[in-house]
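Here the structure is laid out as structure tokens; the discussion comes afterwards.
The values are calculated or read from the model by the stated rules, or taken from the named source; none is laboratory data. Source: prediction; values computed, not measured. FYI the Cβ positions are ideal-geometry reconstructions off the backbone, even for glycines, and counts take in every protein chain you see. Heads up: the accessible areas ignore ligands, DNA and RNA and are worked out on the full protein's heavy atoms, side chains in. Shrake-Rupley method; radii C 1.70, N 1.55, O 1.52, S 1.80 Å.
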There are 4 protein chains.
Amino acid sequence: MDQATATTSKTAILLMHCPDQKGIISHITLFIHENQGNIIYLDQYVDRVEKRFYMRVEFEIDQFNIPEEKIYDYFETLLAKKYTMTFNLYFNDRKPKMALFVTKMSHCLYDILSRTDSGELKVEIPMIISNHLHLKKVADKFNIPFYHFEMNKENKVEQEKAQLELMKKHNINFVVLARYMQIISSDFIESYPNKIINIHHSFLPAFVGAKPYHAAHERGVKIIGATSHYVTTDLDAGPIIEQDVAKVSHKDTVKELIRKGKDLEKIVLSRAIYQHVNRKLMAYKNKTIIFD
Amino acid sequence: MDQATATTSKTAILLMHCPDQKGIISHITLFIHENQGNIIYLDQYVDRVEKRFYMRVEFEIDQFNIPEEKIYDYFETLLAKKYTMTFNLYFNDRKPKMALFVTKMSHCLYDILSRTDSGELKVEIPMIISNHLHLKKVADKFNIPFYHFEMNKENKVEQEKAQLELMKKHNINFVVLARYMQIISSDFIESYPNKIINIHHSFLPAFVGAKPYHAAHERGVKIIGATSHYVTTDLDAGPIIEQDVAKVSHKDTVKELIRKGKDLEKIVLSRAIYQHVNRKLMAYKNKTIIFD
Amino acid sequence: MDQATATTSKTAILLMHCPDQKGIISHITLFIHENQGNIIYLDQYVDRVEKRFYMRVEFEIDQFNIPEEKIYDYFETLLAKKYTMTFNLYFNDRKPKMALFVTKMSHCLYDILSRTDSGELKVEIPMIISNHLHLKKVADKFNIPFYHFEMNKENKVEQEKAQLELMKKHNINFVVLARYMQIISSDFIESYPNKIINIHHSFLPAFVGAKPYHAAHERGVKIIGATSHYVTTDLDAGPIIEQDVAKVSHKDTVKELIRKGKDLEKIVLSRAIYQHVNRKLMAYKNKTIIFD
Amino acid sequence: MDQATATTSKTAILLMHCPDQKGIISHITLFIHENQGNIIYLDQYVDRVEKRFYMRVEFEIDQFNIPEEKIYDYFETLLAKKYTMTFNLYFNDRKPKMALFVTKMSHCLYDILSRTDSGELKVEIPMIISNHLHLKKVADKFNIPFYHFEMNKENKVEQEKAQLELMKKHNINFVVLARYMQIISSDFIESYPNKIINIHHSFLPAFVGAKPYHAAHERGVKIIGATSHYVTTDLDAGPIIEQDVAKVSHKDTVKELIRKGKDLEKIVLSRAIYQHVNRKLMAYKNKTIIFD
């Protein structure tokens, strides 16, 4: 609940980036003001090395001159083309639809569902997808449809295809892998570019791949971490969204690292989802820009 | 899941403190070894200023010469009296019974129940008690009996009495106030000395009392915190168990502090419960000793 | 070394705040562009509750149409009055002059001097002032004039007067109290409003006043902290600039808290000086806005 | 200043590890008590997986029956052989001699020297060794002999030999590489096994090797770190002593990461030196055990 959600008005949220040029802020704010929009949030950032300009603007549109469904077009025609912008427009009264992938561990799943249930996370969850049945009982508690897709080497291609069809049918906007212990294929990933959020149970880029807590214990690190990131076709190498860490000591066994790490994982994943859902987050090349 | 729970054997856990004297460790470890106990954890601490000795020992008792139900007596007779110990003995196969008090906010409640559900937190919860009905639906999801005790100035004494009777009937071992927005009376507190865990939504001793996030915002702090502690009759002044903090900035509104603080609160409270339930925690005077 | 200092050009830095109104950003950026300034940093923040607008702009002035010494006047006449701004203008090639007050402990002093020496902290230090002689040897190592002002109840008024005169003579811009163990008078404080930075060895507002580590130990906290703030006439209650914390345990004696706290103190103080010297910091009412 | 240094007595510090067996603590404490030693610190740890026992004991020896110079022998004969111990014995009145290696950056050097100067770090520094002359002026400030060893591919072997001879001549006990930008040879490393402390400017094992801040920026991490470790012949892979981290954002340029990282580096290195000098640290296989 930031400044944006403090309003009870209907708002539009603009996320954009483009080559840095003079006059962009002026031009965009003028466009909003002239059309009777009321800006309630504006933050911008310029990457001086890449010479790229990023902005997030949220504005009330109750009195806006341009009808809601045409704002995108008008903005594209009048502004985006001139500045070669990449942009997106969202509305605060539309909850994005999320597909939630899990396997056997419940901590991230519970954390996400309890936040949704309390209203903190404004998202719809039309489906929980899993390659095992273990967490069906959790989905049932929250009355969320649970789909079981058993996965093995032979059926992977067709199962993923079936998952994608199901997601398409329900107009899924983005995907969360909440400790989903499967590598997903390039085809799947490319269907949701920068729209699949994963939680990796290490401080990336340390301990890429399987069993990071075992590797951390073996290496004798004094701090463990967790990393949420957008999934790309390069394993554990997509744009990082959030990271957090916890101190450990020589006393911590692998089991103890796993236990302590769970708290990091669920918080770091839920924060990433929050930023994504509240449109505070842009990915460009292999990095994220976060407006918070 | 520490070293202790790595065993599948039945274990006894001894928590003790006494005036510092020579030979305590030798004497206790000898007692265990001579009776065929196998020590799987031993940690001790000496407060040189207070001249006080603290120890936690966990030992397998499958082959123990003394029957389980008589270990307490033997230990008291043969060792505790000699060293003027304060001690307690627990067994790893008995789950403590916890009464959970809540009001309207669900984040701590969900965090505790999901940990219990996954087996991470080895505790029985025979009752959730609340002064409001808001969270009954959460209790229902987890099939835990929900008791509604409406509280006001007039009925407080009798309602607390009824709560205590209910707890006694179910052999409740300890109490957790998971954002329970009521001040509980001295009589209630004294029925469960160092057995009531509260979560306060500030970095104590800063911002004691009501509305700490509002006070933190007003003061312009750059870090917020949460504190779990045993409840004593002195408001927010009991022995501190766990604390954690998060960085904030001038951008954070009170609502944003509340949102960010919730994550601290639930983690800090659940950690305290974990330490308490796993017998890693002793309180003496106004402080806690934690063996982790 | 941020984006700003990455330039080798001469720059002006504008720090301003005013009641929130439409068009401020446009107006200011237009003023800079029209006069051939090149913006290399711009960040702004709106406090929606206080309805106040804050901005930091840094721009290259090598080609600026308005002579350096007249920019302030032009800006005031053409912009500041219209928007009722409070503002200040700085130039990146002028090092501010700092008076450094110390007593007996050297850790903050060394940290500041080593950063100045390495060029990280772009500040001139024409004087180190102390009520004791202990640290003269440190001042000597760095060839900084050391002034000894013995302080007692009787001479406090005249000694502070002499200090102020000395500082005036050297055109001191701001003051740093680097563990200076004296309460300074209102007259002194009011001579340098929001220009005296103090380090307090606790996580304010916890443990205001003397001996905070003793108080922290007595209270049994699990985290200690340090706070840098602007000095106001209200003890330890001025606008907070930076805070940081460290985990401690029941094992830590008061001496150990003091030792661990020193690292927090020096880092937190030096960060505050850095923000102040690099003009990334504004104070308004009892809070700070930090652009980093 | 821990419990140990709270005494004004002469003390011995025993660091030992051996295969876990029953009766070790009893046997050692009995040995100390029977000979009129007074234990002021005892901490032990058992690695249940490796079945290895570690202990640190500090005891006053003013009244000790065995002469100081013979304690090692007696202990070896009476105890160490029986339990196949690896052990060391230190005395609190003997400062270890440290050789300090630097190149051009002063932040770690200043941090170490200011701690030594204030008495916080009880160590003698008979020499600062560098492959450049930049920091001679810092050594001069503190009146520490500065030795310049220019290094290139041709002279490396003989220069290292000369360094080792110089160190031997001054009875150097351990080495600190305070951002020494040279890879040292196996021969050198093997002359000081687990006695060379390095600071690496990343959160190991992430970003091994050169230019870790550039790599961190390239990867878009949200947290940077620093790691102090004992040097082994495997680059950046020796036993980790201390790690710490700091949050960064998309706004941070490489230069800003370098600036923020310096604070981590100096604190993390100085902490490691403190643990080493105060004999709170053991390395076994590729890990450290820290008693703090």
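May I ask for the accessible area buried between chains A and C, both sides summed, probe 1.4 Å, to the nearest 100 Å²? Write out the running numbers ahead of the final one.
On the way: alone 15140 and 15140 Å², together 29030 Å².
So the buried area, both faces added, is about 1200 Å².
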(request) Compute the separation of the alpha-carbon centres of the stretch D:229-292 and the stretch B:189-203 and state it in Å as a whole number. (result) 38 Å
(request) Please turn the phi angles of the stretch B:23-33 into ³J(HN,Hα) values with the Karplus equation 6.51 cos²θ - 1.76 cosθ + 1.60 (θ = phi - 60°), one per residue in order, whole Hz, x for glycine and proline. (result) x, 5, 4, 4, 5, 5, 5, 4, 4, 5, 5
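Go through C:Phe188, C:Phe207 and list them by solvent-accessible area, largest first, probe radius 1.4 Å.
Values: C:Phe188 0, C:Phe207 40 Å².
From most exposed to least exposed: C:Phe207, C:Phe188.
Place the peptides D:58-66, B:222-230, D:240-248 in order of packing, highest mean first, counting for every residue the other Cβ atoms within 10 Å and averaging per peptide. Please list the in-between numbers first.
Working: D:58-66: 18.4, B:222-230: 25.8, D:240-248: 21.1.
Going by the mean number of other Cβ atoms within 10 Å, highest first, we get B:222-230, D:240-248, D:58-66.
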(message) Please find, among residues of chain C, the one with the beta carbon closest to the rotation axis relating it to chain D, distance in whole Å.
(response) C:Lys141, 2
(request) Run through the other copies and list how far each one's label point is from that of D:Gly119, in nm with one decimal, shortest first; the point sits 7 Å from Cα along Cα-Cβ. (result) 3.7, 5.7, 6.1
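Charges only on Cβ, +1 for Lys and Arg, -1 for Asp and Glu: so what's the dipole of chain C about the Cα centre, in debye to the nearest 20?
Numbers: 40 positive and 36 negative charges, 162 e Å.
Here the size comes out at about 780 debye.
Take every DSSP beta bridge with both residues inside the protein assembly as shown and express the antiparallel ones as a percent of the total, to the nearest 5.
Percent antiparallel among DSSP bridges in the protein assembly as shown is about 70.
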(request) Go through the stretch A:35-80 and flag every residue whose accessible area shrinks by 40 Å² or more with all protein chains in place compared to the isolated chain (probe 1.4 Å). (result) A:Leu42, A:Asp43, A:Gln44, A:Tyr45, A:Arg48
(request) Report, ordered by chain and residue number, the aspartates and glutamates lying within cross-link reach of B:Lys255, taken as a straight Cα distance under 14 Å and ignoring same-chain residues fewer than 8 apart. (result) A:Asp2, A:Glu120, A:Asp292, B:Glu218, B:Asp263, C:Asp47
(message) Under 37 °C and 0.692 mPa s, how fast does the stretch C:1-70 diffuse according to Stokes-Einstein, given a Kirkwood radius computed over C-alpha pairs? Answer in µm²/s, whole number.
(response) 254 µm²/s
(message) Defining the label point at 7 Å along Cα→Cβ, can you sort the distances from B:Ser249 to the same site in each other copy, shortest first, in nm?
(response) 0.2, 3.4, 3.4
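Provide the percentage of antiparallel DSSP beta bridges, counting only those with both residues in the stretch D:40-191; round to the nearest 5.
Details: 7 of 19 bridges.
About 35 percent, rounded to the nearest 5.
With r as the distance between the Cβ atoms of A:Val208 and C:Asn143 and R0 = 41 Å, compute the FRET efficiency 1/(1 + (r/R0)^6) and round to 0.05. It would help to have the intermediate numbers written out before the result.
Details: r = 51 Å, r/R0 = 1.24.
The formula returns an efficiency of 0.20 here.
Given a Förster distance of 56 angstrom, what is the FRET efficiency for B:Val157 paired with D:His33, based on the Cβ-Cβ distance and rounded to 0.05? Spell out each step's value before the answer.
Numbers: r = 56 Å, r/R0 = 1.00.
Given R0 = 56 Å and the Cβ-Cβ separation, E is 0.50.
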(message) Give me, ordered by chain and number, the residues 5 or more places off D:Tyr284 or on other chains with an amide H under 5 Å from its own placed amide H.
(response) D:Ile289
(request) Quick one: what are the phi-derived ³J(HN,Hα) couplings along the stretch D:147-163, Karplus 6.51/-1.76/1.60 with θ = phi - 60°, whole Hz, x for glycine and proline? (result) 10, 9, 10, 5, 10, 8, 4, 6, 9, 3, 4, 6, 5, 4, 4, 5, 4
(message) What are the ³J(HN,Hα) couplings of the stretch C:266-279, residue after residue, when phi is run through the Karplus curve with 6.51, -1.76, 1.60 and θ = phi - 60°? Round to Hz, x for glycine and proline.
(response) 5, 5, 5, 5, 5, 4, 5, 4, 4, 5, 5, 5, 8, 6
(request) List the residues of the stretch C:277-292 that lose 50 Å² or more of accessible area once all protein chains are present, compared with their chain alone (1.4 Å probe, heavy atoms only, no ligands or nucleic acids). (result) C:Lys287
(message) How charged is the neighbourhood of D:Arg52? Take every other residue with its Cβ under 10 Å from the Cβ of D:Arg52, and add Lys/Arg as +1 and Asp/Glu as -1.
(response) 0
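Just to verify a number: FRET efficiency for C:Lys10 and A:Leu78, C-beta to C-beta distance, R0 = 35 Å, to 0.05?
Numbers: r = 37 Å, r/R0 = 1.06.
E between C:Lys10 and A:Leu78, to the nearest 0.05, is 0.40.
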(request) For B:Asp20, list long-range residues whose amide hydrogen, built 1.01 Å from N in the peptide plane, is under 5 Å from its own amide hydrogen. (result) B:Arg52, B:Phe53
(request) Give the accessible area for C:Ile112 in Å² (nearest 10); use a 1.4 Å probe, count only protein heavy atoms, and leave out ligands, DNA and RNA. (result) 0 Å²
(request) Could you list which residues have their amide H under 5 Å from that of D:Leu204, counting only those 5 or more apart in sequence or on another chain, with H placed in the peptide plane? (result) D:Thr227
(message) Using a 1.4 angstrom probe on the protein heavy atoms only, could you order D:Thr232, B:Thr288 from most to least accessible area?
(response) D:Thr232, B:Thr288
(request) Could you work out how far apart the two model spin labels at D:Thr233 and B:Leu133 are, taking each label as a point 7 Å from the Cα in the direction of the beta carbon, and quote it in nm? (result) 7.6 nm
(message) Give me the percent of accessible area attributable to carbon and sulfur for the protein assembly as shown, probe 1.4 angstrom.
(response) 50 percent
(request) Compare B:Ser106, B:Ser202, B:Ser185 in a GNM of chain B, Cα atoms joined below 10 Å, and give the one with the largest fluctuation. (result) B:Ser185
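What do you reckon, how do A:Met127, C:Met181, D:Met105, D:Met85 stack up by accessible area (1.4 Å probe), largest on top?
Output order, biggest surface exposure first: C:Met181, D:Met105, D:Met85, A:Met127.
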(message) Please check the stretch A:101-128 for residues whose accessible area, probe 1.4 Å, is lower by 30 Å² or more when all protein chains are in place than in their chain alone.
(response) A:Tyr110, A:Ser114, A:Arg115, A:Asp117, A:Glu120
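Under the Kirkwood approximation for Rh and a Cα-based Rg, what ratio Rg/Rh is obtained for the protein assembly as shown? Could the numbers behind the result be given before it?
Values: Rg = 31.3 Å, Rh = 32.6 Å.
Expressed as Rg/Rh, it is 0.96.
Report the per residue volume, in Å³, of the convex hull enclosing the C-alpha atoms of the stretch B:97-290. Before the final figure, lay out the partial values.
On the way: hull volume 22.8 nm³, N = 194.
In the stretch B:97-290, the Cα hull volume divided by residue count equals 118 Å³.
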(message) Only four residue types carry charge here, +1 at the Cβ of Lys and Arg and -1 at the Cβ of Asp and Glu. Report the dipole size of the stretch D:4-91 about the Cα centre in Debye, rounded to the nearest 20.
(response) 360 debye
(message) Please report the antiparallel percentage of DSSP beta bridges with both residues in chain D, rounded to the nearest 5.
(response) 70 percent
(request) Might you tell me the accessible area per residue for chain B, computed with a 1.4 Å probe and given in Å²? (result) 41 Å²
(message) Under the convention of a label 7 Å out along Cα→Cβ, give the distances in nm from C:Asn152 to the same position in every other copy, shortest first.
(response) 6.5, 6.7, 9.2
